[in-house]
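Heads up: the structure comes next, in structure tokens.
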Amino acid sequence: MARRALKLASLAAATSGIYLYGNKFLDPNDFGVVRVGRAITTTAVITYDYLTSLRSVPYGSEEYDFLKSQIKELFLSFEDTPLGAASLAQVHKAVLQDGRTVAVKIQHPKVRAQSSKDILLMEVLLLVVKQIFPDFEFMWLVEEAKKNLPLELDFLNEGRNAEKVAHMLKNFEFLKVPRIYWELSTRRVLLMEFMEGGQVNDRAYMERNGINVNEISRNLGKLYSEMIFVNGFVHCDPHPGNVLVKKCPASGKAHIILLDHGLYQVLSESFRMDYCRLWQALIKADMKRVQKYSRRLGAGDLYPLFACMLTARSWESVNRGIDRSPVSASEDVEIRSNAAAYLPQITQLLNNVPRQMLLLLKTNDLLRGIESALHTRASASSFLNMSRCCIRAVSTYQRSKSHSLYRRAQISLTEALSLWQINLYELFLWLKGSQLGNWVIALLSQMHHSMY
């Protein structure tokens, strides 16, 4: 059945591929740092392929009718119009013969064959740019494309990633990852459980459906802190089309649905520990440690710029403490204007940092964009969750390197005390912002005045 589904991919994509380039379903967020070069060079070629792909299967011919009958044999219904389309694939809603509603992800025709030519063309273009502008180093774009594109084109790899992250984060009841139907999947066709909801940046949708925006933002931060700092296995494409939210009718709880598991970054242990300690230093505004761990991650003398890129805050805010005050409109303007002024230094940084950092920077930007849309950016809860994960990750690492039972117990006790302090501080913030907290403060104030 999987082979039959693969054979049907070209027909299903061809009959509906025109929607991709009619801009009805195209999401600009799909063209991230790694994909932009590929997208520019392949648009014309793939568009032509879509418009002419049925020439080999003439409409109304016996072969065309046969392939359509095969679709009917596999599916009770199959929607020709895609739910969404991007640079590599499009997704259709279908119902299997046993009544299960599924999402069918189909790779666009000839993308695999064309991809190596695209990367070669991108490499040549970047070499030309380097000759004209010697200060700009962008060859890391080619390196990342060569590494990541084959993985994204293998839908079986995407299915394995989905199952791995679902198991890894099974303790988060609010997280939903579509189940993969392996018996009907191939490297170019992926069948999975159909899930729907509103996009994670759609505040109006959440308000209409009684979903707590702050809770969604907090839970999304928990997911990514756990992936980055604790597990080192990171979903690196959290644009709004890949992260949905939905309120469960039965429980009334809001779920986060994580889609598109083709692009993941695996972090080495040494990188992950340095990254943990750097974020701990950033949250505590410990500038000596910020400098130390930024240098260890390849930033060199550009560590202030690196800290600003990671946090999307000004250097003044980093020194003051990024959890002390929310981002202001004037600071946003300052950051955008400085980004253009420091472009040569930024490209130098991107060329010097470990390759693992590149997708993390992209992921940070996408998550920050979601927080901005929800008006929850730089909330204290996000930094508290990051702190918890960093403490747990560093403590686990230290215990694994210690052979002394006493030392391991000491590490565990320090970890428990640190986590308890964070919980206590979180309780203080909640009381400070709640009606109960205001009532307690008012009562204590009255008691103070009556005593004196």
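The values are calculated or read from the model by the stated rules, or taken from the named source; none is laboratory data. Because the structure is predicted, anything quoted here is derived from the model rather than measured. Here the Cβ positions follow ideal geometry from the backbone for every residue, glycine too, while neighbour counts run over all protein chains shown. These area figures cover heavy atoms from the full protein model, side chains too; ligands, DNA and RNA do not enter into them. Shrake-Rupley method; radii C 1.70, N 1.55, O 1.52, S 1.80 Å.
Quote the charge dipole size of the stretch 110-262 about the Cα centre in Debye, to the nearest 20; the model charges only the Cβ of Lys and Arg (+1) and of Asp and Glu (-1).
So the dipole magnitude of the stretch 110-262 works out to roughly 400 debye.
In the context of the full set of protein chains, the stretch 331-428 has a per residue accessible area of 53 Å² (1.4 Å probe).
A Förster radius of 35 Å combined with the Cβ-Cβ distance from S251 to R408 puts the calculated FRET efficiency at roughly 0.35.
Quick one: plug the Kirkwood hydrodynamic radius of the stretch 78-170 (C-alpha pairs) into Stokes-Einstein at 25 °C, 0.890 mPa s, and report D in µm²/s. The estimated diffusion coefficient comes to 152 µm²/s. Annotation note: GluC sites (Glu not before Pro) in the stretch 279-377 located in DSSP loop regions with a Cβ neighbour count of at most 10 within 10 Å are absent.
Please give the FRET efficiency for L120 paired with R160, using the beta carbon to beta carbon distance and R0 = 22 Å, rounded to the nearest 0.05.
Numbers: r = 28 Å, r/R0 = 1.29.
The pair L120/R160 has a calculated efficiency of 0.20.
Look at where the Cα atoms of the stretch 319-351 and of the stretch 118-135 average out, and the two centres are 27 Å apart.
The phi-based Karplus calculation (6.51 cos²θ - 1.76 cosθ + 1.60; θ = phi - 60°) puts the 3J(HN,Hα) values of the stretch 275-286 at 5, 4, 5, 5, 5, 4, 5, 5, 5, 8, 6, 8 Hz, whole numbers, x for Gly and Pro.
Just in the stretch 255-340: which trypsin sites (Lys or Arg not before Pro) are loop by DSSP and have at most 15 other Cβ atoms within 10 Å? Please list the in-between numbers first.
Values: sites: R272, R277, K284, K288, R289, K292, R295, R296, R313, R320, R324, R336; in loops: R313, R324.
Those that pass, being in a loop and sparsely packed, are R324.
For the stretch 280-402, which whole percent of the accessible surface, found with a 1.4 angstrom probe, sits on carbon and sulfur atoms? Spell out each step's value before the answer.
Details: 2880 of 5500 Å².
That share works out to 52 percent.
Extension gain, E183 to Q131: 0.36 nm times the residue separation minus the Cα-Cα distance gives 13.7 nm.
Quick check: convex hull of the Cα atoms in the stretch 218-271, volume per residue, rounded to a whole Å³? Display every interim value, and only then the final one.
On the way: hull volume 4.7 nm³, N = 54.
Hull volume normalised by residue count: 88 Å³.
Here the calculated FRET efficiency for E79 and N319, from their Cβ-Cβ distance with R0 = 56 Å, stands at 0.55, rounded to the nearest 0.05.
Pull out a ≥ b ≥ c, the square roots of the eigenvalues of the alpha-carbon gyration tensor of the stretch 184-266, then state rounded if a/c is under 1.5, prolate if not and a/b is larger than b/c, and oblate in the remaining case.
On the way: a/c = 2.17, a/b = 1.30, b/c = 1.67.
It is oblate, given that a/c is not under 1.5 and a/b is not larger than b/c.
Rg and Dmax of the stretch 341-421, both derived from C-alpha coordinates alone, stand at 17.9, 53 Å.
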